[in-house]
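Values quoted throughout were computed directly from the atomic coordinates according to the rules given, and no laboratory measurement underlies them. What you see is a predicted model; the values in this text were computed from it and never measured. When we count neighbours, we look across all protein chains shown, and the Cβ atoms used for this are built from the backbone with ideal geometry, even at glycine.
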Amino acid sequence: MPYCSKCLIEYVEGTTQCEDCGADLLPGSPTQSPAQLEILDSKDVKLSPVRVFTGATAQMNADLARSILQSQGIPCILQGETSAELLPVLDVPVLVREQDAERATRILEGYFDLDSPAAEESSLPGDV
């Protein structure tokens, strides 16, 4: 099955582009994500928030962000992860090591801040 190397989502045979980000799909299955790196085991680690997810899909988006960052070799944690599962109205901040913050921010912006073609098509002429 082809998959998107950016989103790590598998698609049915015959699909050539990712429906989410538009990237060309690669043959086969996505490689397993690298084992989660434990950043709290190290002493003197300074964490920086790189993104805060809110609303009903906060936990789902934060989990996706964690997978994306870990696939790029950036360890991260989701602050308040357990609480957000119980109370989905809570914010879920994504924290990374201070030295990874700039790169992590760029990676997540590249995925979450893309203009959706569907959003552009949904506006009718004359809509403000």
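Rounded to whole numbers, the Karplus 3J(HN,Hα) couplings from phi for segment 92-109 are 10, x, 9, 10, 10, 4, 3, 6, 9, 4, 5, 5, 4, 4, 4, 4, 5, 4 Hz, using 6.51 cos²θ - 1.76 cosθ + 1.60 with θ = phi - 60°, and x at Gly and Pro. Under 5 Å from the amide H of residue 51 lie the amide H atoms of 94, each residue being 5 or more positions distant or on a separate chain, with H modelled from the backbone and absent for Pro and chain starts. Approximating the spin labels as points 7 Å out from Cα along Cα→Cβ, the residue 44-to-residue 19 distance works out to 4.9 nm. Modelled this way, with points 7 Å down the Cα-to-C-beta line, the labels at residue 5 and residue 113 are 2.4 nm from one another.
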